[in-house]
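Chemist: Before we start, here is the structure in question, set down as structure tokens.
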Amino acid sequence: MGISLFFVLSSCIMRQVQRVSPDQQIDISGRWNSTDSKITAVSMTEQLLMQSWLDDFQKANNRKPVLVVGLISNKSHEHIESDIFINDLEKTFISNGKVRIIQAGDKREELRTERAGQNDYASPETIKKWGKELGADYILQGSVNSIVDGFNREKVLFYKVTLQLTNVETNEVVWMGDKEIKKYIRN
């Protein structure tokens, strides 16, 4: 009797998993999610690439600017994996083709370690040379902030992503933009 009761109870609480499209918008908890990241990356990239700094740079230099996506600080009330958002930004920039993107931080260091290793282990014809990296003209940095307002069974989550594009040589901020997301949650 105990075993059959176990099977009856466990069949009532079986978890179901269904594959869905990564582009499908699903919001279960109301927290920051992949949809928010993608929407924000596309919006911010469109804002940034429509401003005068891009035309000014191309006229003065006769080439596409080189950007590095730097630190995007999470100052929100929840854990947000900034690498996902940074990758969404970089992918959107690369797809657009108006700027060139270079690696930052740990990824850049990994490339330099690989290049150093080639000096000892690669054939002379295939060794990649030092001093050929693209220097960034601009660095994109920013933050994700949030405000939570709630009472009883209702809650409003407000997210604001602010980004700044800074000229690496002069430290001049040439663009600043933001994207806001607001979610109303009722339990």
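The values are calculated or read from the model by the stated rules, or taken from the named source; none is laboratory data. All figures in this text were calculated on a predicted structure; none of them were measured in a lab. Cβ: placed from backbone, ideal geometry, glycine included. Neighbour counts: every protein chain shown.
Chemist: Considering only the stretch 129-187, how many residues are surrounded by fewer than 13 Cβ atoms within 10 Å (Cβ to Cβ), under 20 Å from the mean Cα position of the chain (by Cα) and in a loop (DSSP other than H, G, I, E, B)?
Modeler: Result for the stretch 129-187: 0.
Chemist: Let me ask something else. Could you check residue 121 against (1) touching an Asp or Glu at 6+ places or on another chain (Cβ under 7 Å); (2) more than 28 Å from residue 65 (Cβ to Cβ) and say which number it fails?
Modeler: (1)
Chemist: Please list, ordered by residue number, the helices (runs of 4 or more DSSP H) wholly in the stretch 1-106 having 2 or more residues that are modelled with pLDDT under 95 and either under 19 Å from the mean Cα position of the chain (by Cα) or within 14 Å of residue 144 (Cα to Cα) (or both).
Modeler: Working: elements: 2-12, 34-49, 52-61, 82-96.
Of the helices (runs of 4 or more DSSP H) lying wholly inside the stretch 1-106, those with at least 2 residues that are modelled with pLDDT under 95 and either under 19 Å from the mean Cα position of the chain (by Cα) or within 14 Å of residue 144 (Cα to Cα) (or both) span 34-49, 82-96.
Chemist: Are there any pairs with C-beta distances below 7 angstrom linking a residue in the stretch 107-132 that is of a type in the set (D, E, K, R) to a residue that is not in a helix (DSSP H, G or I), with the two at least 6 apart or on different chains, and if so which?
Modeler: Listed pairs, sorted by first residue: 115/128; 115/130.
Chemist: Here is a follow-up. Go through (1) over 16 Å from the mean Cα position of the chain (by Cα); (2) surrounded by 14 or more Cβ atoms within 10 Å (Cβ to Cβ); (3) part of a helix (DSSP H, G or I) one by one and return the number of the condition residue 113 breaks.
Modeler: Going through the list (1) over 16 Å from the mean Cα position of the chain (by Cα); (2) surrounded by 14 or more Cβ atoms within 10 Å (Cβ to Cβ); (3) part of a helix (DSSP H, G or I), residue 113 breaks only (2).
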